[in-house]
1. Of all the Cα-Cα pairs you can form in the range A:5-76, what percent are over 20 Å apart?
2. Spin-label point model (7 Å from Cα, Cβ direction): what's the residue B:193 to residue B:134 distance in nm?
3. Within 10 Å, count the other beta carbons around each residue, average over each peptide in A:11-18, B:222-229, B:6-13, and list them highest first.
4. Peptide A:138-151: average number of partner chain Cβ atoms within 10 Å per residue?
5. Cβ neighbours within 10 Å, averaged per peptide: list B:173-180, B:23-30 in order, most packed at the top.
6. Mind checking A:117-124 for the average number of partner chain beta-carbons within 10 Å of each residue's beta-carbon?
7. Mind jotting down the three principal axis lengths of the range B:6-54 based on Cα atoms? Whole angstrom, largest first.
8. Hey, got the average number of other protein chain Cβ atoms within 10 angstrom for residues in B:55-66?
């Protein structure tokens, strides 16, 4: 009936991997990050309050490990934060050719300021509510909303120039 | 009249505003093409971003990490179990309070669209809460399917036969009873081999509810349709195409 802490972490691995992939922008870094975060979680199992959400707790640890330990390595390798629109200019022709390929969206997400990217990933990809996101990142709700809106509009600017049809989310059935 | 700044609009798109404010925003949007444009951008960007990272969910984790977690020793099981039950009870009390609050909202006959929007909002909220449960994913497990069919069918006043979605790669896990505006709503929960659960919610359609569509609620995709006085919604963290295909499979099998 009940699962061990390790088993519960096991169940979360796909989502942790995805969040890490979004934060780091590479599968290799994401694997390192998830590994480090799981190790830290096992060391601190006693700090997790049963009955609360383990996923939020793990996202928080993962993000902390990223900021504390691994991100520096990447920045030192010369990959700084670039504004999303700059990316569009650089890759403009390719983006048009690819017609909003998901790869282009991933690259745009990767180039967002990190503070916006983490909010975007938690809300849009991991499905956390604004409140859960605010708690996970220790931010005020208003900050979550403004970062999320800025991130979403930056991503939309990428898609806007290439849009020929209506991207409404409502798909009518025949 | 609410201020249609980007923060309000993103919260509106994600279903994070309370019902009254959301209605005010909806009204205000009618007179602002610029704000409608922003809403469309905020919606499409969420869809693109979610789709862009959908595949990442299926990447195999490193074997060494899996081995490390399998080796982690269980501890504190009993205490955790009881705390989980207490948390579930607290959650149910909260949900029941929410349902009563919603029911007391004033409704007019012209608010059919709103009632569908509220239903989809509730379906998404319930799914977000329950689909993440590991030990309490369902109220009655699939091993007791005859009971689920009898029990939830009775609450829905119809003949319920749990759809077989094996062709969609989904395994039935069980069901739970929810409520929408004071009426029973059944949720049948399925899981793929790898990935988050998919839900099928069934409740009584309100007068005027009709049509079928696939749309987004925050990060969730919902396919819904009305048939013979019931409204069906298939909800999950998957692409429009995937949810639509599951909904098609359900529609072919299930008619209360």
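1. Roughly 23 percent, once rounded to a whole number.
2. The modelled label-to-label distance comes out at 2.2 nm.
3. B:6-13, A:11-18, B:222-229
4. Partner Cβ neighbours, averaged per residue: 4.
5. Order by mean packing, descending: B:173-180, B:23-30.
6. Numbers: counts 1, 0, 0, 3, 3, 1, 8, 11.
Averaged over the peptide's residues, the number is 3.
7. 33, 23, 13
8. 6
Here, each number is a calculation from the coordinates, and none is a lab measurement. Not measured: the values here are computed from a predicted model. Methodologically, a virtual Cβ is constructed for each residue, glycine included, from the backbone with ideal geometry; neighbour enumeration extends over all protein chains shown.
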